Amino acid sequence: MNPQTWSSPITTERLVLEPVRREFAPGLFDCINDWEVIRWLASPPWPYSLADMHEWIARSSAAREARRDADFAVTLNGGPIGVISLAGLGVGPMLGYWLARPFWGRGYMSEAAGTLLTHAFASGQSFIASGILEGNAASLRIQERLGFRVVNERYIHARPHGRSVPHLDTLGRGRWSQARGVV
């Protein structure tokens, strides 16, 4: 896999996926510090603080340098509106993402995810896993449009909720790549 792919910006039709960096912390904090956004995520604490965002960006930077993960700020007109990431590069990557509520329903995450997946498969990934907390129908629709299919149902600990919640594991490769001509 070409490490340069994950350390450079990736441009879509309307967006730029920028490697996460310290300067994005205030804007990303404003985007994620909303219960309607964070309730669909498993890892972040609630309530969320700006210090939490700085800590996450520091961990993200270290994981990128180690070539384990690739976290990108989804930017529109130069400002962050969310995050998309591939964790576990080379060993079984997991697609994760979130978007600030004012930008829901406009196709931004489908656009960002489709472009990131194209880069991932072109870089040698043979499959990518993902998933949703049960009830997140909008996120499941994004994944289904990209060819992901539900492969497992289980409970996971969701830190913002402070308890285990139902989760649907998804897997993407075959139908996604065939529909887009990725070999």
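Select from region 39-57 the residues that are surrounded by fewer than 16 Cβ atoms within 10 Å (Cβ to Cβ), assigned to a helix (DSSP H, G or I) and in contact with a helix residue (DSSP H, G or I) (Cβ under 8 Å, 6 or more places away or on another chain) and list them in ascending order.
50, 54, listed by residue number.
Taking region 146-178 as the region of interest, how many residues are of a type outside the set (A, V, I, L, M), farther than 13 Å from residue 95 by Cβ and at pLDDT 95 or above? Talk me through it step by step, then tell me what you get.
Here is the first cut: in region 146-178, the ones of a type outside the set (A, V, I, L, M) are 147-149, 152-155, 157, 159-164, 166-167, 169-170, 172-178.
Okay, now just the ones that are also farther than 13 Å from residue 95 by Cβ, so 149, 152-155, 157, 159-164, 166-167, 174-175, 177-178.
If we keep only those that are at pLDDT 95 or above too, we end up with 149, 152-155, 157, 159-164, 166-167.
Here the count works out to 14.
Condition test on residue 106, is it surrounded by 18 or more Cβ atoms within 10 Å (Cβ to Cβ), on the phi < 0 side of the Ramachandran plot, not in a strand (DSSP E or B) and not acidic (Asp, Glu)? Don't jump to the end; show me each part of the working.
Working: surrounded by 18 or more Cβ atoms within 10 Å (Cβ to Cβ): no; on the phi < 0 side of the Ramachandran plot: yes; not in a strand (DSSP E or B): yes; not acidic (Asp, Glu): yes.
For residue 106, the condition - surrounded by 18 or more Cβ atoms within 10 Å (Cβ to Cβ), on the phi < 0 side of the Ramachandran plot, not in a strand (DSSP E or B) and not acidic (Asp, Glu) - is not met.
Taking region 14-38 as the search range and keeping residues that are assigned to a loop (DSSP other than H, G, I, E, B) and not polar (S, T, N, Q), which one is nearest to residue 86 (Cα to Cα)? Walk me through how you get there before you give the answer.
At the first step, the residues of region 14-38 found to be assigned to a loop (DSSP other than H, G, I, E, B) are 14-15, 20-21, 33-34.
Now drop any that are not not polar (S, T, N, Q), which leaves 14-15, 20-21, 34.
Values: 14: 20, 15: 17, 20: 12, 21: 16, 34: 23 Å.
Checking each candidate, the answer is 20.
Where residues in region 150-161 are surrounded by fewer than 18 Cβ atoms within 10 Å (Cβ to Cβ) and in contact (Cβ under 8 Å) with a residue 60 or more places away in the chain, which of them is farthest from residue 45 (Cα to Cα)?
The initial filter retains those residues of region 150-161 that are surrounded by fewer than 18 Cβ atoms within 10 Å (Cβ to Cβ), namely 150-157, 159, 161.
Checking the rest, the ones that are also in contact (Cβ under 8 Å) with a residue 60 or more places away in the chain come to 156-157, 159, 161.
Working: 156: 15, 157: 12, 159: 6, 161: 9 Å.
If we take residues in region 150-161 being surrounded by fewer than 18 Cβ atoms within 10 Å (Cβ to Cβ) and in contact (Cβ under 8 Å) with a residue 60 or more places away in the chain, then 156 is farthest from residue 45 (Cα to Cα).
Looking only at residues in region 68-100 that are buried (at least 20 other Cβ atoms within 10 Å of the Cβ) and not in a strand (DSSP E or B), which one is modelled with the highest pLDDT?
Per the criteria, the residue is 100.
Every residue in region 42-101 that is among the hydrophobic types (A, V, I, L, M, F, W, C), in contact (Cβ under 8 Å) with a residue 60 or more places away in the chain and closer than 22 Å to residue 168 by Cβ, please.
The answer is 42, 46, 83, 84, 86, 95, 98, 99.
Is region 111-128 home to any residue that is in contact with a helix residue (DSSP H, G or I) (Cβ under 9 Å, 6 or more places away or on another chain), more than 21 Å from residue 15 (Cα to Cα) and without any contact (Cβ under 8 Å) to a residue 40 or more places away in the chain?
Restricting attention to region 111-128, the residues satisfying the condition of being in contact with a helix residue (DSSP H, G or I) (Cβ under 9 Å, 6 or more places away or on another chain) are 113-114, 117-123, 125, 127-128.
Checking the rest, the ones that are also more than 21 Å from residue 15 (Cα to Cα) come to 125, 127-128.
Checking which are without any contact (Cβ under 8 Å) to a residue 40 or more places away in the chain leaves us with none.
No, region 111-128 contains no residue that is in contact with a helix residue (DSSP H, G or I) (Cβ under 9 Å, 6 or more places away or on another chain), more than 21 Å from residue 15 (Cα to Cα) and without any contact (Cβ under 8 Å) to a residue 40 or more places away in the chain.
Would you check which residues across region 46-67 are within 17 Å of the chain's Cα centre (by Cα), of a type outside the set (Gly, Ala, Ser) and modelled with pLDDT of 95 or more and list them?
Those that are within 17 Å of the chain's Cα centre (by Cα), of a type outside the set (Gly, Ala, Ser) and modelled with pLDDT of 95 or more: 53, 56, 57, 59, 64.
The values are calculated or read from the model by the stated rules, or taken from the named source; none is laboratory data. All figures in this text were calculated on a predicted structure; none of them were measured in a lab. Note: ideal-geometry Cβ built from the backbone for every residue, glycine included; neighbour counts use all protein chains shown.
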